[in-house]
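A.B. asks: Handing you a structure now.
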Amino acid sequence: MKKRVAVVMGGTSHEAEVSLRSGSAVVAALQSAGYEVVEVRLTYDGIDEIPRDVQSVFIALHGGYGENGGIQADLNAIGLPYTGPGAETSALCMDKVATKQILNRAGIAVPNGMTVRMEACPSVCPLPFPVVVKPPRDGSSVGLSKVTEAGQWRAAVALACEQDAAREALAEVYIPGLEWGVGVLNGRALPVIEIQAPNGWYDYRAKYVAGVSRHIFPEPSVLTEKVQRIAEKVYFVTGCRGAVRVDFRVTPEGEAYVLEVNTAPGCTATSLLPDAAAHAGISFSELCAELVSCARCD
C-alpha cells in the first residue's frame, strides 16, 4: 500500500511563489504514482499544520525555513521522515560563505570573493570588474547583481544586504564561460545541463519565466564527466542526501567553479532537476516517488 505523504509548500521566504508552483507539481506527480497526498501550504515558519498521521513529508519549500535547516530540525524533533538533506547539511548549504569554506578545504574550486556589510562597505570595489553581488543566504537569484562599473557597486551591496538574513552581501569575481547545473540523485550525478540565458545572465526572470532560458544537454565528454564527478564530491563533502543541484560556471579553458548547492531544487515546469532526470530516463513521477522512498530524519 502506498504511503500517505504531506507535500509542504509556500512558506515565508522570497521564494514562496516558486515553492507553490513546485509543490503543486509534486502533488500531481505523487498522486499519479499512487500516493495519498496531503497538500500543506505554510503561511508561517512551523509544522503545526502538517498532519501527524502521514508517513513522510516532501519538502517543496524554497529558501528560508525550508532550506536553512528549520523545518528539518522541527521534523527531526517529532520523528517524521522528510525528503532531502538533514538539518545540519541544509543549514550549511543555505549559507554560501560556509559552503565555500568547506569546499575550499576539500580542494574544490570556488570563485574568489568576500563578504561585505553595508555599514562597512568600501567606497571602491576591491575586486576586479565584473563582480557578482548576491545575498549569501538566499536563492533563486533574488537580490543578485552583476557589477560592471564603479557606480553600481554600493547599490548592488545594499540590495543584497536587504535580502540577506544576516544583512551581508557576498561579492565574487565573475567567472566567464558557461552556466552548468548538475543534479545529484542519491549520490549519482544526472546529465549536465547548460543554461543559455539572455545575455548570459541567469537571473530570477531567466529561471522562472518559461521560454526565457534554454536548457541544453552537452554531448558527454571528458569535461562533462569531470564536472559530474565534482558534483558528486560536493554532494558527499557537504553531507547531502536525496536530490540536490550543484551550480557551476565553466570557463572556456574547461575550469569548473562551484557557485552553490541547492538542497531543495525547483520542481516547476522550467526547473533543472526534473529536466535532467527526464533526460536520464526518470519521469517526474518516478523522481518524486524515489525521493519519498528515501525520506528519513537525521
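The values are calculated or read from the model by the stated rules, or taken from the named source; none is laboratory data. This one's a predicted model, so the numbers in the text were calculated from it and none came from an experiment. Cβ coordinates were reconstructed from backbone atoms using ideal geometry, including for glycine residues, and neighbour counts include every protein chain displayed. Areas reflect the complete protein model, heavy atoms only, side chains present, ligands, DNA and RNA absent. Shrake-Rupley method; radii C 1.70, N 1.55, O 1.52, S 1.80 Å.
A.B. asks: Give the accessible surface of the chain per residue, rounded to a whole number of Å², with probe radius 1.4 Å and ligands, DNA and RNA excluded.
C.D. replies: 42
A.B. asks: Highest first, please rank the peptides 226-233, 191-198, 48-55 by the mean number of other Cβ atoms sitting within 10 Å of their residues. Walk me through the numbers on the way to the answer.
C.D. replies: On the way: 226-233: 19.4, 191-198: 17.6, 48-55: 12.8.
Sorting 226-233, 191-198, 48-55 by mean packing, highest first, produces 226-233, 191-198, 48-55.
A.B. asks: Please work out how much accessible surface CYS125 shows to a 1.4 Å probe, ignoring ligands, DNA and RNA, in Å² rounded to 10.
C.D. replies: About 20 Å², rounded to the nearest 10.
A.B. asks: Taking a probe of 1.4 angstrom, what is the accessible area of PHE58 in Å², to the nearest 10?
C.D. replies: For PHE58, solvent-accessible area is about 10 Å².
A.B. asks: By what distance, in whole Å, do the Cα atoms of the stretch 1-159 stretch along each of the three principal axes, largest value first?
C.D. replies: So the extents along the principal axes, rounded to whole Å, are 61, 32, 27.
A.B. asks: Local charge sum around LEU42 (other residues, Cβ-Cβ under 12 Å, Lys/Arg +1, Asp/Glu -1)?
C.D. replies: -4
A.B. asks: When the dipole is taken about the Cα centre of the chain, and only Lys, Arg (+1) and Asp, Glu (-1) are charged at their Cβ, what size is it in debye, to the nearest 20?
C.D. replies: 280
A.B. asks: Accessible area of the chain with a 1.4 Å probe: how many percent of it is carbon plus sulfur?
C.D. replies: 52
A.B. asks: State the extension gain, in nm to one decimal, for the chain segment bounded by THR43 and PHE217, taking 0.36 nm per residue of separation less the distance between their alpha-carbons.
C.D. replies: 58.9 nm
A.B. asks: Could you derive backbone 3J(HN,Hα) for the stretch 142-153 from the dihedral phi with the Karplus parameters 6.51, -1.76 and 1.60 (θ = phi - 60°), listing whole Hz in sequence and x where the residue is Gly or Pro?
C.D. replies: Running phi through 6.51 cos²θ - 1.76 cosθ + 1.60 with θ = phi - 60° gives 5, x, 8, 9, 10, 9, 10, 8, 4, x, 8, 4 Hz.
A.B. asks: DSSP beta bridges in the chain, what fraction antiparallel, as a percent rounded to 5?
C.D. replies: 75
A.B. asks: Determine which lysines satisfy two conditions relative to LYS96: a Cα distance under 16 Å, and not lying fewer than 8 residues away in the same chain.
C.D. replies: Hits, sequence-local ones excluded: LYS134.
A.B. asks: Same structure again: What are the trypsin sites (Lys or Arg not before Pro) within the stretch 53-152 that DSSP puts in a loop, where the Cβ has at most 13 other Cβ atoms within 10 Å?
C.D. replies: The qualifying sites: there are none.
A.B. asks: Under the rule of at least 5 residues apart or a separate chain, name every residue whose amide H is placed under 5 Å from the amide H of VAL38.
C.D. replies: Correct list: VAL5, ALA6, VAL7.
A.B. asks: Here's another thing I want to ask about it. Could you list which residues have their amide H under 5 Å from that of GLY69, counting only those 5 or more apart in sequence or on another chain, with H placed in the peptide plane?
C.D. replies: ALA91
A.B. asks: Using amide H atoms built 1.01 Å from N in the peptide plane, name the residues 5+ places from LEU190, or on other chains, whose amide H lies under 5 Å from its own.
C.D. replies: GLY183, VAL184, LEU185
A.B. asks: Under the Karplus relation 6.51 cos²θ - 1.76 cosθ + 1.60, θ = phi - 60°, what is the ordered set of whole-Hz ³J(HN,Hα) values for the stretch 32-46, x standing for Gly and Pro?
C.D. replies: Taking θ as phi minus 60°, the curve returns 5, 8, x, 7, 8, 10, 10, 8, 10, 9, 7, 10, 8, 8, x Hz for the stretch 32-46.
A.B. asks: With the contact rule set at Cα under 8 Å and sequence spacing of 6 or more, what percent relative contact order holds for the chain?
C.D. replies: 21
A.B. asks: Here's a follow-up. For the chain, what does -39500 (n - 2.57) per DSSP helix run (n ≥ 4), summed and divided by total residues, give at 222 nm, in deg cm²/dmol to the nearest 500?
C.D. replies: My calculation for the chain gives -9500 deg cm²/dmol from helical runs alone.
A.B. asks: At q = 0.07, 0.12 Å⁻¹, work out log10 I(q)/I(0) for the chain with the Debye formula, treating every Cα as an identical point scatterer and leaving solvent out; two decimals please.
C.D. replies: After summing over all Cα pairs, the log10 values are -0.25, -0.75.
A.B. asks: Return the single residue from GLU260, GLU179, GLU17 with maximal mean-square fluctuation; model: Gaussian network over the chain, springs between Cα atoms under 10 Å.
C.D. replies: The residue that fluctuates most here is GLU17.
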